[in-house]
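What follows is a single structure, written as structure tokens, with notes after it.
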């Protein structure tokens, strides 16, 4: 009886504490962002490269942030996702860049980036400066 009571009391905490996020679904990402305590890096961001604009989601995973393109409908060159790793220095990050090559996710490079303002990342990759701008949420909940 005690075991049954323990299971009934603990199971909801285990089940509700593990939220699944579909990183390809903007509504799933927004639901997570609206219902969680997030930091300044987590959110939905835009960037433009070679005249093409892409929307990415950045979500914290342990000590680093994982980023993936939302609603990706093509296999254009560029990146498919990033790992953003904070460093000891304020506002400096290591970015690991991955792309889908021959149906396999392959690391195509590592670079250093900087958050120059809240909501603005700057980094250089293959001789190009890339800006990533945060669009959602615009303000953190207190």
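Please treat every number below as a calculation from the coordinates, not as lab data. Predicted model, so just to flag it, every value in this text is computed and none were measured. Positions of Cβ are backbone-derived with ideal geometry, glycine not excepted, and every protein chain shown enters the neighbour counts.
Would you mind computing the Rg to Rh ratio of the stretch 84-142 from its alpha-carbon coordinates, Kirkwood style for Rh?
Working: Rg = 13.6 Å, Rh = 13.0 Å.
A ratio of 1.04.
Using only the alpha-carbon atoms of the stretch 19-136, report the extent along each of the three principal axes, biggest first, to the nearest angstrom.
Extents along the principal axes: 37, 35, 26 Å.
According to a simple spin-label model (label point 7 Å from Cα along Cα-to-Cβ), what is the distance in nm between residue 135 and residue 101?
2.9
Per 0.36 nm of contour for each residue apart, how much would the distance between residue 112 and residue 48 grow if the chain were fully extended, relative to their Cα-Cα spacing? Let's see the in-between values first.
Values: separation 64, 0.36 × 64 = 23.04 nm, distance 1.81 nm.
Extra length available between residue 112 and residue 48 comes to 21.2 nm.
As an exercise, use a Förster radius of 30 Å and the Cβ-Cβ distance of residue 30 and residue 88 to find the FRET efficiency, rounded to the nearest 0.05.
Working: r = 32 Å, r/R0 = 1.07.
So the FRET efficiency works out to roughly 0.40.
Could you give the nm distance between label points at residue 124 and residue 20, where each point is 7 Å from its Cα heading toward the beta carbon?
4.3
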